[in-house]
Amino acid sequence: MKILFRTFIFLSVFVCFSTCSEKETTTKNTSIEDAIIESKIDEILSKMTLEEKIGQTNLRGTSSSVNGPLPEVLKTAVRNGQIGAFLNVMNLEYVKELQRIAVEESPNGIPLIFGRDVIHGFKTLFPIPLGLAASWDKEVAKKSSEIAAFEASSAGIRWTFAPMLDIARDSRWGRIAESPGEDPYLASILGKAYVDGFQGNDLSNPTRIAACAKHYIAYGAAIGGRDYNTVNLSEPLLRNLYLPPFKSAIDAGAATVMSSFNEVNGVPVTGNEFLLKDVLRNELKFDGFVVSDWDSTKEMVSHGFARDEKHAAELSVIAGLDMEMSSTVYKDHLKNLIEEGSISENQIDEFVKNILRIKLKLNLFENPYIPENHDGNLYAEAHLKEAKKAVIKSTVLLKNDNILPLKNNTKVAVIGPMANKPHEQLGTWSFDGERENTTTPIDAFKKAKVNYQLAEGLNYSRDKTTKGFNEAVSAAKNSDVVLFFGGEEAILSGEAHSRATIDLPGAQIELLKTLAKTGKPIVLVIMAGRPITITNIIDDVDAVLMAWHPGTMGGEALHDIIFGLSEPEGRLPVSWPKTAGQLPYFYNHKNTGRPAEDGQFVQMDSIPIGVWQSSLGNDSHYLDVGYTPHFPFGFGLSYSTFKYENITVNKEVFGFNDTIEVNAKITNTGEKDGKELVQLYVQDVVGSITRPIRELKRFKHIYLKSGESKEVTFTITSEDLKFTNSKMIHAAEAGNFNVWIAPNSASGLKSSFILKK
């Protein structure tokens, strides 16, 4: 009866999703179902040998490009119950056969989970996660992961290693491309949306996949922006900044969590009992399973935390790591460690329970195979439409000297190494995306019959040769406008791809400056996995669009933005530095005892020769670039302009149970209808520990016709003012607060209120 019911539900949902109007209306008595699941777990566990239990903790990988016969060693391992999950098995015949062996030939018929890095799409690729974060739109995030799950599950994938929830404050870090940005509030909203999209309301739906909140925790705080590097931070900072997105994902029901590569305060996370047990299990009440990152168990030896791989296995078990990815320290040493009494079988039992719980929630015991009628609707028109919409919502207009949008009859010179590079615009972690199904700007221009001439000037982003410059200059002279598609190749961002400098690589700067000499207006379109420092060329160009790595539909979306069929709606999810020397940089920093203020420092080139040492003042800044970013967090222009006025707070003094209302009038003062992202920031002026100068608490997307005004109201409570202090007390504190309604983190209308007990 239960099987028939689930089959009916699947077919209903499947048909519904195929028309891109899925509505999951199934309600469940979760307490009864949870009890059934726990009873089933105990039943299975009671029949398992120690070797089988250890097998469930092993996640093995294969190359996604492997062909030919399925290796016998893998078939034998699955048959003996020695493997619990696989990653990167993309041969469908392999998937079917390995699952058949697990279900039909292993001792207890425990199914496998097949995982994959489905990060910003499967076949239909959306903008990289940092780009999606620039949408500030939870529905965009949710839809991207929903489509990714539907496509990926048709390949047997029921587990993704996403979302990545690492707060990133350093643009040198390659994995900022996967990050939701620098702000914990925005990251928390996006994290929940991703989980909701991947998992839906019912994880047993075979078109849904288990999410994995990663990298737990503080991976983005690596010193110097160098991947895998040491992390040192206080516990209050850990809890106030890096933990909230994970809490949000876990509250949303994230099935799994991945431990990070890094150490935190001297202890690698994979072997960190405090973080994995005390915080994750006991405080956040996480009941799924924790998987290590690739080889991070045995890498504790390299860290100097474990004596050898056996010791690494012991430390990981004590810490509470349920499953090991890739390396084999669990497989090789757990049995001996139990026999020696270093760990207990009961500890392994808890790991197996956590793993089985997710397998049961995925309904793999009843439906272990890919449904025959599930083809994923790969590249479906509805999927491509959503991907294109995401690019439009993610693209950030950083500068516009009345050049954009272009008129349809504009004669355009298309120059730069990223104009017609489908592979590069897909970005990092795009294993399954296909260049032949990717629309570049040139593809879109051809389709729209744009009057353009292509002269790339450079063959790829790192190209240092100048042999193509003359052709590019000639094309520019024969045009009305230069569209320069620059940035960095996909390989220059992502894991282990940190950069010490983040200028445009190769000879791009030289080419732009050469083109500027023609006197033709230049629109710079950047495709990159991180903010790119452009202070050295900002005065040479007339407009700047940040498109990130936009994915499959990047070309069509950018055409529509450039020619005014759509307006760029993105806002920066990270502060944009003037130079890499400012990094790490973030808007929600704290004041020093000598905070910098406008007009209170002298720029280095203006310092008189032989001046007295203390005559320049003493505040916190850089002599050469000051103390502000090039573009602040939350910044982004549109094709219209907006005026903010008349901020009010509903009263001056609030109790802890009161609702605080903050209101302002927003007017579209431009000639075009447009969208604005209105942001609410708060400052706790005095706290038991020093507090940031501003913190994002709310935001709203509004649409205003030309000349139209709207009253925008935000509501918050004392819950939104809580933080963790040095005594690990998480609470709001009475005192004075400043509040802003603003278009970004560096401007806006200011008011204040008092919170009183």
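Please treat every number below as a calculation from the coordinates, not as lab data. Quick caveat, the model's predicted, so the values are computed rather than measured. Ideal geometry is used to build each Cβ from the backbone, glycine not excepted, and the neighbour counts take in all protein chains shown.
Suppose the chain between His423 and Lys722 were pulled fully straight at 0.36 nm per residue; how much longer would it get relative to their current alpha carbon spacing?
103.2 nm
Going highest first, how would you order 573-584, 640-651 by mean Cβ packing within 10 Å?
Most protected by this proxy first, the peptides run 573-584, 640-651.
Using unit Cβ charges (K, R positive; D, E negative) and no other charged atoms, how large, in debye to the nearest 20, is the dipole of the range 52-361 about its Cα centre?
Taking the Cα centre of the range 52-361 as origin, the dipole is about 580 debye.
Rounding to the nearest 20 debye, state how big the charge dipole of the range 236-343 is about its Cα centre with +1 on each Lys and Arg Cβ and -1 on each Asp and Glu Cβ.
260 debye
On the principal axes of its Cα set, how long, how wide and how thick is the range 271-393? Give whole Å, largest value first.
Principal extents (Cα only, largest first): 58, 37, 30 Å.
Based on the mean of other beta carbon atoms within 10 Å per residue, what is the order of 604-614, 437-447, 547-557, 144-154, most packed first?
So the order, starting with the most tightly packed, is 547-557, 144-154, 437-447, 604-614.
Charges at C-beta only: +1 for Lys and Arg, -1 for Asp and Glu. How large is the resulting dipole of the chain about its Cα centre, in Debye rounded to 20?
1340 debye
Roughly how large, in nm² to one decimal, is the mean projection of the convex hull of the alpha-carbon atoms in the chain?
Reported value for the Cα convex hull: 35.6 nm².
Taking R0 as 60 Å, what's the FRET efficiency between Val301 and Thr667 from their Cβ-Cβ distance, rounded to 0.05?
After rounding to 0.05, the efficiency reads 0.45.
Using the beta-carbon distance between Ser342 and Lys705 and R0 = 45 Å, what value does 1/(1 + (r/R0)^6) give for FRET efficiency, to the nearest 0.05?
0.05
In nm, what is the difference between 0.36 nm times the number of residues separating Asp332 and Ser620 and their Cα-Cα distance?
Length gained, Asp332 through Ser620: 98.3 nm.
For labels at Asn478 and Asp375 in the simple 7 Å Cα→Cβ model, what's the distance in nm?
About 4.5 nm separates the two model spin labels.
Taking the Cα-to-Cβ direction at Asn282 and at Thr628 and moving 7 Å from each Cα, how far apart do the two end points lie in nm?
Between Asn282 and Thr628, the label points sit 4.7 nm apart.
Once label points are set 7 Å from the Cα along Cα→Cβ at both Leu50 and Ile693, what is their separation, rounded to one decimal in nm?
6.0 nm
Of Phe246, Thr717, Leu334, which is farthest towards the positive pole of the chain's charge dipole, taken about the Cα centre with +1 and -1 on the beta-carbons of Lys, Arg and Asp, Glu respectively?
My answer, from the dipole projection, is Thr717.
Helix-only mean residue ellipticity at 222 nm, the chain, DSSP H runs n ≥ 4 weighted -39,500 (n - 2.57), per residue, nearest 500. What is it?
Result for the chain: -8500 deg cm²/dmol, rounded to the nearest 500.
Given Ile509, Gly670, Asn232, which one lies farthest toward the positive end of the charge dipole of the chain, if we put +1 on the Cβ of every Lys and Arg and -1 on the Cβ of every Asp and Glu?
Gly670
If you take every DSSP beta bridge whose two residues both sit in the chain, what share of them, in percent to the nearest 5, is antiparallel?
In the chain, DSSP labels about 55 percent of beta bridges as antiparallel.
Quick one: order Ile32, Ile41, Ile534 by neighbouring beta-carbon count within 10 Å, fewest to most.
Taking fewest neighbouring Cβ atoms as first place, the list is Ile32, Ile41, Ile534.
Using only Cα positions of the range 271-319, each an equal point scatterer, no hydration layer, compute I(q)/I(0) via Debye at q = 0.20, 0.26, 0.29 Å⁻¹ and quote the log10 values to two decimals.
The Cα Debye sum returns log10 ratios of -0.66, -0.94, -1.05.
Which peptide among 217-224, 616-623 comes first, and what is the full order, when sorted by highest mean count of other Cβ atoms within 10 Å?
Top to bottom by mean Cβ count within 10 Å: 217-224, 616-623.
Which residues in the range 358-379 place their backbone N less than 20 Å from a point set 7 Å from the Cα of Lys75 along the Cα-to-Cβ direction?
Under 20 Å, as judged by backbone N against the label point of Lys75, lie 369-370 of the range 358-379.
Say R0 is 51 Å: what FRET efficiency, to the nearest 0.05, do Lys464 and Glu43 get from their beta-carbon distance?
Plugging the Cβ-Cβ distance into 1/(1 + (r/R0)^6) gives 0.20.
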